[in-house]
Amino acid sequence: MLRKLLLTSLLCAAGVAQAAAPVVTPSQSLAATCYNCHGPHGVSAAAIPSLAGRTSASIVETMAEYKTGKRTGTIMPQIAKGYTDAQIQLIATYFSQQKP
Amino acid sequence: MQSRRKFLAGAATVGAIGLAPALSGCASTTRSAALKGKVVIVGAGYGGSTAAKYIRDWSNNSISVTVVEPGDAFVSCPVSNLVIAGAKSLQDITVSYDDLRQRHGVNWIKSTVESIDPAKHTVKLANGDTLQYDKLVLSPGIDLMFDSVKGLKAANESGKILISMKAGPETLALRRQIEAMPDGGVFAITVPPTPYRCPPGPYERATLVAAYFKQHKPKSKVLIYDANDKVQSKEPLFKKAWADLYPGMIEYIPDHKVVGVAADRNELQFEVNDPVKADVLNVIPMQRAGVIAQKTGLANMNARWCGVDYQTFESAVHKDIHVLGDSIQIAPLMPKSGHMANQHAKVAAAAIVSMLYDQPVNPHPVVMNTCYSMVSFERAIHVASVHQYDAEKKTFLTVPGSGGISAGLSEIEAHYADAWAHNIWRDSLS
């Protein structure tokens, strides 16, 4: 019980400390549109490639190639064309900062 | 780490039934000191589960989230046609709610909602409890319009004619009917007028039942009676699959709207055409927003679907109620899909966090849809679209030149379809 109470107060303290003004950034919101297929925060558990931990430049370049048709694919050439270059840059920055 | 996790698990369970004085002490202290608001979420399918997770995550756990859900576990509608065809089990498409409760600290109430008072911001549950909310998220899925097909309600309740548009016991029951059907029998499926849940779903089901017949009952046939004038999704690809993989097995009949069934004779009755008999009937009726959305007066579009502000998914009728998933009036070319419900939920979650913190909401939300259909046990096809919010028109619009369907019937896309399912389940539920 004592241990439980101790843990409880630690958790409460953590709850209070974490509560300062969260902001959902445009990067977070845009990157989250990719999670359904590429896994939460870009960490895939299956045949679709992970994006977490890739360099921002490589993601931007890959998406640009999908857009122009230089790179072929099944679904990504169609999806890449739906995002602006500025949005792709924000998405790429977010995934480059995630742990693979 | 293990003991902390165990402890958290205990906290979630005990907290839910209100028997932990030490913990409720913490909760109330935390609430007054730090909690920024209370969100109640009704329904834990693709929309509700995702909203619960992301409101917790994106608020750094500073917003309390309580989910009201009658089911014991999440059962996926996407992939359920593979269960009907015998290639997967119900277990394969079932995911526990434990991570939402234990890892994300979501309060969980296994019940249903009786009524909502939008003015008082309260929700009355079937178990007698009343919950107070600052924001309410409704993701109740679809209600089947039994009135649209005479005789269907009784035939469905007796288990004779199945619908199977909500994954679970009916998925298995339809599987058993198809298994019991003799070789040389006929399976007939009907497609309701659009819009309905999962535009490619009925066609995928017909195709996979044919895949099962091809292996086990090669003299059998599949009939698709469509109330619409054409296949509603991935049309050229389904037609290619039917011609190339199942020649002579699948017959597609457009412009046939089913209006009645005679279960004792296994008969479909149409608006204008002659009745048809088949060994197994799978009748999919018209649909509308989930019952609780209608009861609350939220289904303001044709008395069927809920109009929302697409920037926040807040109801057009009542403030502080956000509606997600299949229940909403869709923006142009936006399908009613699990993938889309997950994307609605993320836009709504970000908006709810911002609104509860008196911050401006994201002016440019983006949602996208990816939908794979299996056309055999080895090959799949897809449709994809990207929808950008247009502030002037106040709706989501697809980006010209983006989106599209597969180039052909693809083996690699069957692997992607499987990966999609596992990743979206992780994204929505873990």
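The values are calculated or read from the model by the stated rules, or taken from the named source; none is laboratory data. Remember, predicted model here, so these are calculated numbers, not experimental data. Note: ideal-geometry Cβ built from the backbone for every residue, glycine included; neighbour counts use all protein chains shown.
Is there a residue being on the phi > 0 side of the Ramachandran plot, at pLDDT 95 or above, of a type in the set (S, T, N, Q) and surrounded by 20 or more Cβ atoms within 10 Å (Cβ to Cβ) anywhere in the range B:220-234? Explain how you work it out, then say what you get.
Step one: list which residues in the range B:220-234 are on the phi > 0 side of the Ramachandran plot, which gives B:234.
Those left that are additionally at pLDDT 95 or above: B:234.
Checking the rest, the ones that are also of a type in the set (S, T, N, Q) come to none.
No, the range B:220-234 contains no residue that is on the phi > 0 side of the Ramachandran plot, at pLDDT 95 or above, of a type in the set (S, T, N, Q) and surrounded by 20 or more Cβ atoms within 10 Å (Cβ to Cβ).
Where residues in the range A:80-92 are at the interface with chain B (Cβ under 10 Å from one of its Cβ atoms) and more than 16 Å from the chain's Cα centre (by Cα), which of them is surrounded by the fewest Cβ atoms within 10 Å (Cβ to Cβ)?
It comes out as A:Thr84.
Among the residues of the range B:388-396, is there at least one that is outside the structural domain of B:Val137 (by TED's automatic domain parsing), charged (D, E, K, R), in contact with an Asp or Glu (Cβ under 6 Å, 6 or more places away or on another chain) and over 20 Å from A:Ile79 (Cβ atoms)? Spell out the reasoning first.
So the first thing to find is which residues in the range B:388-396 are outside the structural domain of B:Val137 (by TED's automatic domain parsing), and the list is B:388-396.
Filter once more, so that each one left must be charged (D, E, K, R): B:390, B:392-394.
Cutting the leftovers down to in contact with an Asp or Glu (Cβ under 6 Å, 6 or more places away or on another chain) gives us none.
No, every residue in the range B:388-396 fails to be outside the structural domain of B:Val137 (by TED's automatic domain parsing), charged (D, E, K, R), in contact with an Asp or Glu (Cβ under 6 Å, 6 or more places away or on another chain) and over 20 Å from A:Ile79 (Cβ atoms).
Looking only at the range B:291-311, decide whether some residue is over 19 Å from the mean Cα position of the chain (by Cα), within 14 Å of another protein chain (Cβ to nearest Cβ) and either crowded, with 19+ Cβ neighbours inside 10 Å or under 17 Å from B:Gly141 (Cα atoms) (or both).
First, pick out the residues of the range B:291-311 that are over 19 Å from the mean Cα position of the chain (by Cα): B:295-297, B:300-303, B:309, B:311.
Filter once more, keeping what is within 14 Å of another protein chain (Cβ to nearest Cβ): B:311.
Filter again for either crowded, with 19+ Cβ neighbours inside 10 Å or under 17 Å from B:Gly141 (Cα atoms) (or both), leaving B:311.
There is at least one residue in the range B:291-311 that is over 19 Å from the mean Cα position of the chain (by Cα), within 14 Å of another protein chain (Cβ to nearest Cβ) and either crowded, with 19+ Cβ neighbours inside 10 Å or under 17 Å from B:Gly141 (Cα atoms) (or both).
Assuming B:Ala34 fulfils every condition listed in (1) facing chain A (nearest Cβ under 10 Å); (2) closer than 30 Å to B:Gly325 by Cα; (3) at pLDDT 50 or above apart from one, which condition is it?
(2)
Test B:Lys319 against the criterion of being out of contact with any strand residue (DSSP E or B) (no Cβ under 6 Å at 6 or more places or on another chain) and either outside the structural domain of B:Pro118 (by TED's automatic domain parsing) or outside any loop (DSSP other than H, G, I, E, B) (or both), and give yes or no.
Working: out of contact with any strand residue (DSSP E or B) (no Cβ under 6 Å at 6 or more places or on another chain): yes; either outside the structural domain of B:Pro118 (by TED's automatic domain parsing) or outside any loop (DSSP other than H, G, I, E, B) (or both): no.
No: the conditions fail for B:Lys319.
Scan (1) out of contact with any helix residue (DSSP H, G or I) (no Cβ under 8 Å at 6 or more places or on another chain); (2) more than 7 Å from chain A (Cβ to nearest Cβ) for the single condition B:Pro360 breaks and write down its number.
Of the numbered conditions (1) out of contact with any helix residue (DSSP H, G or I) (no Cβ under 8 Å at 6 or more places or on another chain); (2) more than 7 Å from chain A (Cβ to nearest Cβ), the odd one out for B:Pro360 is (1).
Consider A:Ala47 carefully, then state whether it is at the interface with another protein chain (Cβ under 7 Å from one of its Cβ atoms), out of contact with any Gly (no Cβ under 9 Å at 6 or more places or on another chain) and either within 18 Å of B:Trp58 (Cβ to Cβ) or touching a residue at least 24 places away in the same chain (Cβ under 8 Å) (or both).
Values: at the interface with another protein chain (Cβ under 7 Å from one of its Cβ atoms): yes; out of contact with any Gly (no Cβ under 9 Å at 6 or more places or on another chain): yes; either within 18 Å of B:Trp58 (Cβ to Cβ) or touching a residue at least 24 places away in the same chain (Cβ under 8 Å) (or both): no.
Here the answer is no, as A:Ala47 does not meet what is asked.
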